[in-house]
Amino acid sequence: MGKYFGTDGFRGEANVVLTADHAYRIGRFIGWYYQQDNQKETCKIVIGKDTRRSSYMFEYALVAGLTASGADAYLLHVTTTPSVSYVTRTDDFDCGIMISASHNPFFDNGIKLVNSAGEKMDEETILKIEDYLDGKTGEVPYAEGEKIGRTVDYAAGRNRYIGYLISLATRSYENKKVGLDCANGSSWMIAKSVFDALGAKTYVINNQPNGTNINVDCGSTHIEGLQKYVVENGLDVGFAFDGDSDRCLCVDEKGNIVDGDAIIYIYGRYLKERGKLAGNKVVTTIMSNFGLYKALDAVGIEYEKTAVGDKYVYENMSQNGYRLGGEQSGHIIFKKYATTGDGILTAIKMMEVMLEKKMTLHELAAPFKVFPQVLENVRVTDKRTVAEDESIQALVSEISKELGNDGRILLRESGTEPVIRVMSEAGDLETCRKYVDRVVALIKEKGYAV
């Protein structure tokens with residue numbers, strides 16, 4: 001990770017951490033860089049944004065920077081992160097930009113960059129952008145005269161993405177009552193359009209964005225409202241998205257949450273039964289629930305574990321040719337169809353399994369049992385020192401041996417804070433708590449805790 005850009009873009013409080021000037025300068029550099037890199041007279045950059053109030057400010061700042069450097073900026077307007085990825089790779093754009101802070105509160109925002117293949121931007125290019133932001137590489141020239149870039153309305157690209165999603169359904173959703181929680185974010189119009197076109201009786205909540213209500217007590221991070229809504233209205237299934245719709249969590253007909261781990265289990269098993277699970281493997285992160293691995297073992301599916309972040313999941317899938325991977329949070333990657341997590345695509349895939357197998361979501365998820373988990377975040381003076389302390393490592397190894405195949409203990413550094421996360425999963429909460437307390441006690445005893 002760089003100075004400004006983390007695993008999912010440059011993110012922070014709007015005009016405090018991430019400012020309009022940052023956006024302008026990112027646009028200036030990208031507009032110049034892609035013309036130099038590709039030796040083109042004009043490069044094409046496509047931009048999407050979510051419903052945050054500051055997204056409009058950042059959009060205009062990026063456009064000013066891009067066109068001042070001679071690039072053409074194509075605007076998708078309010079749309080989802082996966083749609084930007086899709087349009088970038090299918091319409092021959094040099095680069096794609098999404099303005100969103102995903103599941104964060106409205107006062108945060110972010111700038112996410114994807115390359116011409118619709119994949120997250122490579123580290124080398126990110127570091128060049130950061131050097132420019134820090135004034136290490138000097139100024140780039142302004143375009144003049146007829147070389148100044150132009151702005152193009154490209155809502156048609158968003159509409160083609162909607163058509164693409166509709167084309168992926170294997171059956172009609174006629175007579176299926178489907179609930180959608182759009183988190184007052186990017187999916188607020190797109191998701192309903194897709195499900196209506198496929199014949200569902202669509203029930204939508206949190207689809208009235210006002211610039212400040214994105215993710216507020218709604219969506220995949222606050223799924224309680226959708227759980228209640230599904231039960232009260234007798235719906236067959238519910239899907240909750242986050243602010244930029246690259247995540248999806250599900251609610252079954254009984255109001256139970258079906259999270260990202262359960263989605264991987266359900267679709268992985270479905271692919272295996274049809275002989276289409278490449279390598280007989282799915283890709284997870286180290287934070288997936290222990291119950292997922294137990295469930296996968298029971299049906300003979302193997303798995304890889306990566307660092308936390310859908311970026312690392314995708315890299316593993318690309319390197320090894322795997323088709324399915326994701327995170328417990330609902331970032332699910334269907335490699336055959338997309339280069340990033342896509343909430344609406346995930347919902348379509350869950351509908352596919354339900355309809356093809358003629359089973360309810362509750363029945364499909366029943367074999368997957370979530371293991372009890374205790375997670376404690378410990379603020380420390382130096383997280384790297386804690387993670388590398390030999391006595392702490394020895395204790396974690398000792399606990400792992402004690403748990404054997406009945407649970408696990410995990411210690412990892414936070415990617416954004418001076419925090420060590422200590423997590424245990426086992427057959428009951430009392431056991432989890434006991435082992436987490438032992439590790440936390442040692443961290444404190446050695447004087448690392450703040």
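The values are calculated or read from the model by the stated rules, or taken from the named source; none is laboratory data. As the structure is a prediction and not an experimental result, all values here were calculated from the model. Please note: Cβ atoms are built from the backbone with ideal geometry, for glycine as well, and neighbour counts cover all protein chains shown.
Across the stretch 246-295, which residue is surrounded by the fewest Cβ atoms within 10 Å (Cβ to Cβ) among those that are closer than 15 Å to M351 by Cα and either among the aliphatic types (A, V, I, L, M) or not assigned by TED's automatic domain parsing to the domain that holds A338 (or both)?
L271
For the stretch 271-278, does any single residue satisfy the condition of being outside any helix (DSSP H, G or I) and free of Cβ contacts under 8 Å to residues at least 12 places away in the same chain?
Of the stretch 271-278, the ones outside any helix (DSSP H, G or I) are 274-277.
Narrowing further to those that are free of Cβ contacts under 8 Å to residues at least 12 places away in the same chain: 274-275.
Scanning the stretch 271-278 turns up at least one residue that is outside any helix (DSSP H, G or I) and free of Cβ contacts under 8 Å to residues at least 12 places away in the same chain.
From the list F334, F371, which one is closer than 23 Å to S424 by Cα and aromatic (F, W, Y)?
Details: F334 fails: closer than 23 Å to S424 by Cα.
Answer to the check: F371.
Could you pull out the residue among I126, I97 that is buried (at least 22 other Cβ atoms within 10 Å of the Cβ) and touching a Gly at 6+ places or on another chain (Cβ under 9 Å)? Steps first, answer last, please.
Numbers: I126 fails: buried (at least 22 other Cβ atoms within 10 Å of the Cβ).
Of the residues listed, the single one that is buried (at least 22 other Cβ atoms within 10 Å of the Cβ) and touching a Gly at 6+ places or on another chain (Cβ under 9 Å) is I97.
Please enumerate the residues belonging to the stretch 290-309 that are within 29 Å of A169 (Cβ to Cβ) and part of a helix (DSSP H, G or I).
Scanning the stretch 290-309 gives L292, A295, L296.
Pull out all pairs, ordered by first then second residue, where Cβ-Cβ is under 8 Å, the residues are six or more apart or on different chains, the first lies in the stretch 143-154 and is of a type in the set (F, W, Y), and the second is not in a loop (DSSP other than H, G, I, E, B).
Close Cβ pairs satisfying both conditions: Y154/V46; Y154/Y74; Y154/L75; Y154/L76; Y154/V87.
Yes/no matrix, rows are residues, columns are (1) surrounded by 23 or more Cβ atoms within 10 Å (Cβ to Cβ); (2) touching a Ser or Thr at 6+ places or on another chain (Cβ under 8 Å):
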{"site": "H22", "(1), (2)": "no, no"}
{"site": "G27", "(1), (2)": "yes, yes"}
{"site": "Q36", "(1), (2)": "no, no"}
{"site": "K49", "(1), (2)": "yes, yes"}
{"site": "R53", "(1), (2)": "no, yes"}
{"site": "Y56", "(1), (2)": "no, no"}
{"site": "A64", "(1), (2)": "no, no"}
{"site": "T67", "(1), (2)": "no, yes"}
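Looking at (1) surrounded by 13 or more Cβ atoms within 10 Å (Cβ to Cβ); (2) without any contact (Cβ under 8 Å) to a residue 40 or more places away in the chain; (3) within 16 Å of L345 (Cβ to Cβ), which is the one condition that is false for N159?
(3) is the only condition that N159 fails.
Out of everything in the stretch 152-192 that is hydroxyl-bearing (S, T, Y) and under 29 Å from K357 (Cα atoms), what residue ends up being nearest to the chain's Cα centre (by Cα)? Before you say what the answer is, go through the steps one by one.
Taking the stretch 152-192 as the starting set, the residues that turn out to be hydroxyl-bearing (S, T, Y) are 154, 161, 164, 167, 170, 172-173, 186-187.
This time we only want the ones that are under 29 Å from K357 (Cα atoms), so: 161, 164, 167, 170, 172-173, 187.
Values: Y161: 18, Y164: 20, S167: 23, T170: 25, S172: 27, Y173: 26, S187: 14 Å.
Top of the filtered list is S187.
If a residue must be over 22 Å from S187 (Cβ atoms) and either without any contact (Cβ under 8 Å) to a residue 12 or more places away in the chain or assigned to a loop (DSSP other than H, G, I, E, B) (or both), how many such residues does the stretch 310-341 contain?
Residues flagged as over 22 Å from S187 (Cβ atoms) and either without any contact (Cβ under 8 Å) to a residue 12 or more places away in the chain or assigned to a loop (DSSP other than H, G, I, E, B) (or both) within the stretch 310-341 amount to 5.
Is at least one residue of the stretch 367-387 under 20 Å from the mean Cα position of the chain (by Cα), surrounded by 15 or more Cβ atoms within 10 Å (Cβ to Cβ) and not hydrophobic (A, V, I, L, M, F, W, C)? Lay out the reasoning, then the answer.
Step one: of the stretch 367-387, the residues under 20 Å from the mean Cα position of the chain (by Cα) are none.
Looking for residues that are under 20 Å from the mean Cα position of the chain (by Cα), surrounded by 15 or more Cβ atoms within 10 Å (Cβ to Cβ) and not hydrophobic (A, V, I, L, M, F, W, C), one finds none in the stretch 367-387, hence no.
Can you find even one residue in the stretch 311-320 that is crowded, with 20+ Cβ neighbours inside 10 Å, in contact with a Gly (Cβ under 8 Å, 6 or more places away or on another chain), hydroxyl-bearing (S, T, Y) and more than 22 Å from A365 (Cβ to Cβ)?
Scanning the stretch 311-320 turns up at least one residue that is crowded, with 20+ Cβ neighbours inside 10 Å, in contact with a Gly (Cβ under 8 Å, 6 or more places away or on another chain), hydroxyl-bearing (S, T, Y) and more than 22 Å from A365 (Cβ to Cβ).
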